[in-house]
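The values are calculated or read from the model by the stated rules, or taken from the named source; none is laboratory data. What you see is a predicted model; the values in this text were computed from it and never measured. We place every Cβ from the backbone using ideal geometry, glycine too, and count neighbours over all the protein chains shown.
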Amino acid sequence: MRIRNRRATTGPQETSGGRARRALLAGGAALLALAAQFTAGAPAAHAASAAACAASPSAANCDGADAAADGGTCLNDAFVVRSYPIVPRYDSNYGGGPAAVKVELWWSPRCQSNWGRVVSTGYSGYATVFVWRQADGAHQAYRHWLDSSGYWGAFYTDMLYSPGASEACADDAASWGGCGPWV
């Protein structure tokens with residue numbers, strides 16, 4: 001015999017909370033079954049890759065691909081389009097003081113894609129590097145620890161298909177940041 005709410009009961013009795021839980025579970029199961037019907041025949045999402053980008057450059061094939069992947073397919077013919085220093089905002093000699101980082105805009109003619117790269121010139125801390133496509137505002141970004149004296153002295157974004165104008169930017173979200181001109 002169980003005591004529930006100070007009343008004796010002789011067997012399991014369902015409460016209104018139990019009925020509500022059961023109805024909620026049944027409704028959730030029905031929604032999952034319905035979702036499975038709609039997604040079962042859906043094609044898998046296309047993943048960008050350096051090989052696909054080199055074979056047929058487009059936003060679908062290049063945006064988000066790693067230039068150094070697939071044997072450096074897109075990296076092999078790449079070069080720096082523009083390189084520029086970024087000076088800390090708190091520097092009293094802003095515009096003439098030491099640069100925190102150097103930002104580079106890279107271009108691969110074969111893949112018709114850009115990516116941004118940030119290189120420490122004395123800064124250690126978290127940084128984000130961006131590459132932007134002017135035509136539609138699309139961008140790639142990568143945030144990581146940047147170390148002036150170690151392995152993470154430089155890092156880059158994934159590629160962005162951009163046969164038109166692009167720019168690279170970097171910041172630490174606190175004391176320094178900036179972008180180069182559209183190229």
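Evaluating residue 141 against the criteria (1) surrounded by 19 or more Cβ atoms within 10 Å (Cβ to Cβ); (2) over 15 Å from residue 101 (Cα atoms) leaves one unmet condition, (1). Pairs are defined by a Cβ separation below 6 Å, a sequence spacing of at least 6 or placement on different chains, a first member in the range 132-145 that is under 10 Å from residue 166 (Cα atoms), and a second member that is hydroxyl-bearing (Ser, Thr, Tyr) and buried (at least 16 other Cβ atoms within 10 Å of the Cβ); the pairs so defined are 133/162; 133/166.
Among the residues of the range 144-163, count how many are surrounded by 15 or more Cβ atoms within 10 Å (Cβ to Cβ) and part of a strand (DSSP E or B). Residues meeting the conditions: 6.
Per this entry, residue 132 is counted among residues that are assigned to a strand (DSSP E or B), closer than 17 Å to residue 180 by Cβ and not polar (S, T, N, Q). The set of residues in the range 55-65 that are touching a residue at least 24 places away in the same chain (Cβ under 8 Å), within 15 Å of residue 109 (Cβ to Cβ) and either in contact with a helix residue (DSSP H, G or I) (Cβ under 8 Å, 6 or more places away or on another chain) or among the charged types (D, E, K, R) (or both) contains only 62. Filtering the range 151-176 to residues that are more than 23 Å from residue 75 (Cα to Cα) and modelled with pLDDT under 90 leaves 172, 173, 174, 175, 176. Test residue 126 against the stated conditions and say whether it is closer than 21 Å to residue 75 by Cβ, loosely packed, with under 14 Cβ neighbours inside 10 Å and modelled with pLDDT under 95. It is false that residue 126 is closer than 21 Å to residue 75 by Cβ, loosely packed, with under 14 Cβ neighbours inside 10 Å and modelled with pLDDT under 95. Taken over the range 164-183, residues that are in a loop (DSSP other than H, G, I, E, B), touching a residue at least 24 places away in the same chain (Cβ under 8 Å) and of a type outside the set (D, E, K, R) amount to 8. When the range 100-121 is limited to residues that are part of a strand (DSSP E or B), more than 18 Å from the chain's Cα centre (by Cα) and of a type in the set (S, T, N, Q), the one that is modelled with the highest pLDDT turns out to be 108.
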